[in-house]
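Where a number appears in this text, it was derived from the coordinates with a stated rule and is not lab data. Note that the coordinates shown come from a computational prediction; the quantities given were computed from them, not determined experimentally. A quick note on method: Cβ atoms are made from the backbone with ideal geometry, for glycine too, and the neighbour counts reach across all protein chains shown.
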Amino acid sequence: MIPEIGTAALLVALALAVWGALAAALGARRGRTALLVSAEHAALAVFALLTAALGLLAHAFLTFDFSVRYVAFNTNLGTPFYYRLTAVWGALEGSLVLWAWMLGLYTVIAIARHRASARELYPWVLVVMLGVVAFFLVIMTGPAPVFARLSPVPADGRGLNPLLEDSGMITHPVALYLGFTGFTVPFAFAIAALVTGRTGDFWITTTRRWTIVAWYFLSLGLLIGGWWSYHVLGWGGYWAWDPVENAAFMPWLTGTALLHSVMIQERRRMLRLWNLSLVVLTFALTLFGTFLTRSGVIASVHAFTQGAIGVFFLTFLAVVVLTSLVLLAWRWETLGAQGELDAVISRESAFLLNNVLLVAAAFTVFFGTVFPLLSEAVRGVKVSVGAPFFNQVNVPVFLSLIFLMGVGPLIAWRRASLENLRRNFLGPVLLGIAAAAVFRLLGVGSALAVLTLALTVFVAGTIGLDVVRATRARLRLGEGPLRALGRLVVRHNRRYGGFVVHLGILVIAVGITGSQAWSVQTETTVNRGEHAELAGYRLRFEGLSESQESNHVKVTGRFTVVEGGPVGAVLLPAKKFYPQEQSPIAYVDYLLGLKDDLYLVLGDFARDGSHATIRFQVNRMVSWIWIGGVVLTLGTVLALLPERRRAA
């Protein structure tokens, strides 16, 4: 009965979502509160039905209900309990249910937070949110039916993709989808502002925390995706400019631009049109990314294979973009800036340049991602665009953005004088130059690495200078150093939360630089009892063992660290052999360190365990990337706290 109940729940949810959107629009147009209340009730019912559908799908997986096609195709009797839960959203149909459920949750939260505080915008926000939910429900009940029956019912299922049998499946998709769906709220407010003509600053200030939350979850999803790629795929890297990685990175870039540009609108009443356009662009890119991953038009280890829904997503994307453009054109005359740019050397200019660079980076990533598709459509030949193109184009952009991270927060608004520039930047610039000289003396041969590290020191210097000055000012009021620093951060949490986020980005940049510049690897064949050596580390091959797991056979190599690292530590790389897979799946083992990661992949081996081929890598400073993610999280939490500035 689960297929019938689940399908009925989704169909009723679709009808309620459509009714809710229509009722909210009519209620706003005619001023009828009863219709708006009905729309709210519909939204709550939609969320409840989506919760029920998600629960039914989870129950079907946990009980091996192979009468549901989606369950039969993504699990089998040998799938462990934990991975049966993550399999709920491990493929196309289930991921859409999770996506719609999160969107329903955001809608309920928006109702609770804004029905009293944003009376004019709120009904239209509800229209947009329920409209987007309705679209996903159309997909789930039409071209990608979640609860489609499978007949005859098989005795066992096909099994989950082995690469998805990882703990990251419970965090990576959840974080990524929270980011994607979270940007729907600022988009809904932007459309509501255009419809009502309230295109001033109210919608920007109302959605600031929504935007930060969506941006943070998208950042977290990208970082967890990098960790998944690093420890699951077995290639030793964390970012490959894969099309699906790019699909999540593009809205992150435009979302980052939005977070910076809204500060100019709040402070100087500028960039109204630009900010509305950025919100629309970011939301459109989330839809485009969804299209890429679920249409089957690209080849990626991350992508789903079903292509039937691609036309639906492209159509919806076109409707979103065209509707937004029409509304922007309609309100064109009201979107003029009240302030104007007073000087080229100013904080406004620095933030504008920051926006231009971020959008340019998003465009280059977009172009590189879709170029193979365009080439195939025009010339009939798919031309691959690899990491060298993305690195060559974007590395200078990202270095410029790091530089602006130091300039933007300290340079003066309106017009920066020579005295302002000298006072704020002479010390950090000299510190960066000195750091470059020190890195060269320490033997850093890569000019790119030296430049990146020097820029990170410069930015850290500007942050440190600002904190020291502000703390010193509070010391003059008689406060102790720790109390002064604590009160400074709490009372100006938005500014210093941003600084901590910048520090997290700097730590990530250092980790990327170190891993790209100094990581080494070797591939070698070792006999039992022999050693593999690399960069001062020695591993001894102890032999192979075979084990029967619940749904696969596992051949494990045992290697002991005898020199250079934690002596006596054991690495256990393996090969997993799944009945449904033609090729074995590598199981990577590693030892993480602040400076070096020892990373081992088992290749070919003798059946008697006498010898094995391994890929041995010493990856430098990769752990700094994950540490940077923790720092970024702390900064985001700080920035989201209510500001407690003392009244003048």
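Of note:
- Each part reduced to its alpha carbon centroid, segment 229-291 and segment 1-65 end up 30 Å apart.
- For the peptides 168-176, 182-190, 152-160, the ranking by packing is 182-190, 168-176, 152-160, with the highest mean count of neighbouring Cβ atoms within 10 Å listed first.
- Annotation for Phe577 and Ser151: the two label points, set 7 Å from Cα along the Cα-Cβ direction, are 3.9 nm apart.
- Using the Karplus relation 6.51 cos²θ - 1.76 cosθ + 1.60 with θ = phi - 60°, the per-residue 3J(HN,Hα) values for segment 438-448 come to 5, 5, 5, 5, 7, x, 6, x, 6, 5, 5 Hz, with x marking Gly and Pro.
- Cα lying deepest toward the dipole's positive end in segment 1-165, options Leu26, Leu54, Val71, charges on Cβ: Leu26
- Centre separation in Å (Cα based) which lies between segment 130-156 and segment 322-366: 40 Å
- For segment 536-584, the percent of C-alpha pairs falling in each 10 Å distance bin, counted from 0 to the bin holding the largest distance, reads 27, 37, 24, 12, 0.
- Residue by residue, segment 14-24 carries 3J(HN,Hα) couplings of 4, 4, 5, 5, 5, 4, x, 5, 5, 5, 5 Hz when phi is fed to the Karplus relation 6.51 cos²θ - 1.76 cosθ + 1.60 (θ = phi - 60°); x denotes Gly or Pro.
- Cα centroid separation, segment 412-431 to segment 473-519 (Å): 20 Å
- Evaluated with a Cβ-only charge set (Lys, Arg +1; Asp, Glu -1), segment 520-621 carries a dipole of roughly 80 debye about its Cα centre, given to the nearest 20.
- Candidates His502, Leu96, Val588 compared by Cα position along the dipole of the chain: farthest toward the positive end lies His502, with charges placed on Cβ.
- HN-Hα J in Hz across segment 267-272 - Karplus 6.51, -1.76, 1.60, θ = phi - 60°, x for Gly and Pro: 8, 10, 6, 10, 6, 4
- In nm, spacing of pseudo-spin labels at Trp235 and Ala15 (7 Å Cα→C-beta vector): 4.8 nm
- Mean projected area of the convex hull spanned by the Cα atoms of the chain, taken over all viewing directions: 33.2 nm².
- Potential extension, Val311-Ser446 segment - 0.36 nm per residue separation minus Cα distance: 43.9 nm
- Protection-proxy order for peptides 88-98, 324-334, each taking the mean of Cβ atoms within 10 Å per residue, highest first: 88-98, 324-334
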